[in-house]
1. Would you confirm, using the coordinates I've provided, whether Glu324 is at pLDDT below 90, open to solvent by 50 Å² or more (accessible area, probe 1.4 Å), closer than 20 Å to Ala134 by Cβ and under 29 Å from the mean Cα position of the chain (by Cα)?
2. Got at least one residue in the stretch 332-345 being open to solvent by 90 Å² or more (accessible area, probe 1.4 Å) and under 25 Å from Ala268 (Cβ atoms)?
3. Please identify the pairs in which a residue from the stretch 36-60 that is farther than 30 Å from Glu145 by Cβ has its Cβ atom under 6 Å from the Cβ atom of a residue that is among the aromatic types (Phe, Trp, Tyr) and surrounded by 14 or more Cβ atoms within 10 Å (Cβ to Cβ), counting only partners at least 6 apart or on another chain.
4. What are the pairs, 6+ residues apart or on separate chains, where a residue within the stretch 264-290 that is in contact (Cβ under 8 Å) with a residue 40 or more places away in the chain has its Cβ under 8 Å from a residue that is of a type in the set (Lys, Arg) and surrounded by fewer than 17 Cβ atoms within 10 Å (Cβ to Cβ)?
5. Output the residues belonging to the stretch 173-188 that are open to solvent by 80 Å² or more (accessible area, probe 1.4 Å) and either at positive phi or within 48 Å of the chain's Cα centre (by Cα) (or both).
6. Exactly one condition in (1) basic (Lys, Arg); (2) out of contact with any Lys or Arg (no Cβ under 9 Å at 6 or more places or on another chain); (3) over 18 Å from Leu382 (Cβ atoms) is not met by Arg123; state its number.
7. I need the full set of residues from the stretch 289-326 which are closer than 29 Å to Leu66 by Cα and part of a loop (DSSP other than H, G, I, E, B), in order please.
8. Could you grab me the full set of residues in the stretch 265-310 that are more than 30 Å from Asp91 (Cα to Cα), touching a Lys or Arg at 6+ places or on another chain (Cβ under 7 Å) and either crowded, with 16+ Cβ neighbours inside 10 Å or among the hydroxyl-bearing types (Ser, Thr, Tyr) (or both)?
Amino acid sequence: MSCFHCLPPWRSALLAALLLPVAALAQTELTLAEAQRLAVQRSGQIRAQDAAIDAAREMAVAAGQLPDPVLKVGVDNMPLSGPDRASLGADSMTMRRIGVMQEWISREKRSLNAQRYEREADRGRAARADALAAVWRDAALAWYERHYADAAQLLLEAQLTQAADQLRAAEASYRAGRGSLADVLAAKTAIGQLEDRRSEAQRRSRAAETGLARWIGSAASMPLAPAPRPAQPEALPSTAQNLESHPQLQRQRTEIALADTEAQRAQANRKSNWTWEVTFQQRGPGYPNMASFGVSVPLQWDRRQRQDRELAAQLARAAQARAEHEELLHVRSAETQQIADEWRTLHARHERYVQELLPLSAQRVQALLAAYSGGKATLAELLAAQRDALDMRLQALQLEADSARLRTQLDYLIPAMPEVKP
């Protein structure tokens, strides 16, 4: 591990300037991981998916049972006229009837009915995993947005403090007759420009806090912890090995399994369900009681136009699900490759700023400061150099922020992220 105090003086000063926003945020409480945990805890979408999973599990048990038997009670052949009118026992044909009717569904069909809801539960679990990953990603993006907005604001405030000191020095020099009015005006102009940029930075910081509050509520107003150590390009997981584990692709595979199960149910429904019925019939005194039983069988008169077409429709839906899975795989693969390439480029650009451009800008400011102190440079030249150095530091901060956002998106597309527990 590198030692900060072992660096050359100019590099130590440069890193101290770059880490000023981070040092100011050191008294923090809200880490990125905690923000993600709070976002998952507050997510109504995840709770909705949990309820959908529970509903499908319950239906899977119910769908595997036989339908409820039907109790049948009635009176047959009651006279409506004559001397035995409205009598339940005088006429030999009058019978009081009680019976039970049961639709019989084969074990295969009941098993497939249960499997259908089990596949729906699998789909719900995949949808929950996708929702969890999306909340994890969006909460991280909101956290990074506020973190870097606050860092830019602190950087501008530090530069304003330095500019105010320079203005006081320029005014004192002018009153002593050693400086010029142009130097004073240049210092005031620099302060005005910095104040304008700080106002914009404050607006962005407030907007970022509002965006984070959408995920974690009032905790968004807490000070933030330093950003996690950025990942290196060689730590990027292999797209080919990990893309298939993306939650959306897993969800698409559950759609395929559900469509296959529906096709199997349609195939099984080409065999009709039989209905059994047993009835006891009580007649009047002096007449024998009776029992009846029977079987009802639906007649599939036109199987080619109904059952076979239902089967064909379910097979077509299964083919549709497979085609959609293949297309989604192609889309996610191309998207991941593009984002990974952009992330590597941003990472290399940020390294170039930190290793080359920022040290050069710091050296230039130091050189002009020494020249100004010796009367060989104007304050306007020094202020221009400081303004360029500030722009370069803000650009480096923006590159770091963009890199963090892209890496967060990559961790969503190539699931290598830790499980976030509610």
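1. When the stated conditions are applied, Glu324 does not pass them.
2. Checking the stretch 332-345: not a single residue is open to solvent by 90 Å² or more (accessible area, probe 1.4 Å) and under 25 Å from Ala268 (Cβ atoms).
3. Sorted first by the residue in the stretch 36-60, then by its partner, the pairs are Ala56/Tyr117; Met59/Tyr117; Ala60/Tyr117.
4. Arg270/Arg303; Glu277/Lys72; Thr279/Lys72; Thr279/Arg97; Phe280/Arg97; Gln281/Arg97; Gln282/Arg97
5. Within the stretch 173-188, just Lys188 meets the criteria.
6. (2)
7. Val297, Pro298, Leu299, Gln300, Trp301, Asp302, Arg303, Arg304, Gln305, Arg306, listed by residue number.
8. Arg265, Ala268, Gln307
The values are calculated or read from the model by the stated rules, or taken from the named source; none is laboratory data. Just so it is clear, the model here is predicted, and its values are computed rather than measured. Glycine also receives a Cβ, built like all others from the backbone with ideal geometry; neighbour counts cover every protein chain displayed. These accessible areas exclude ligands, DNA and RNA; they are computed on the full protein's heavy atoms, side chains included. Shrake-Rupley method; radii C 1.70, N 1.55, O 1.52, S 1.80 Å.
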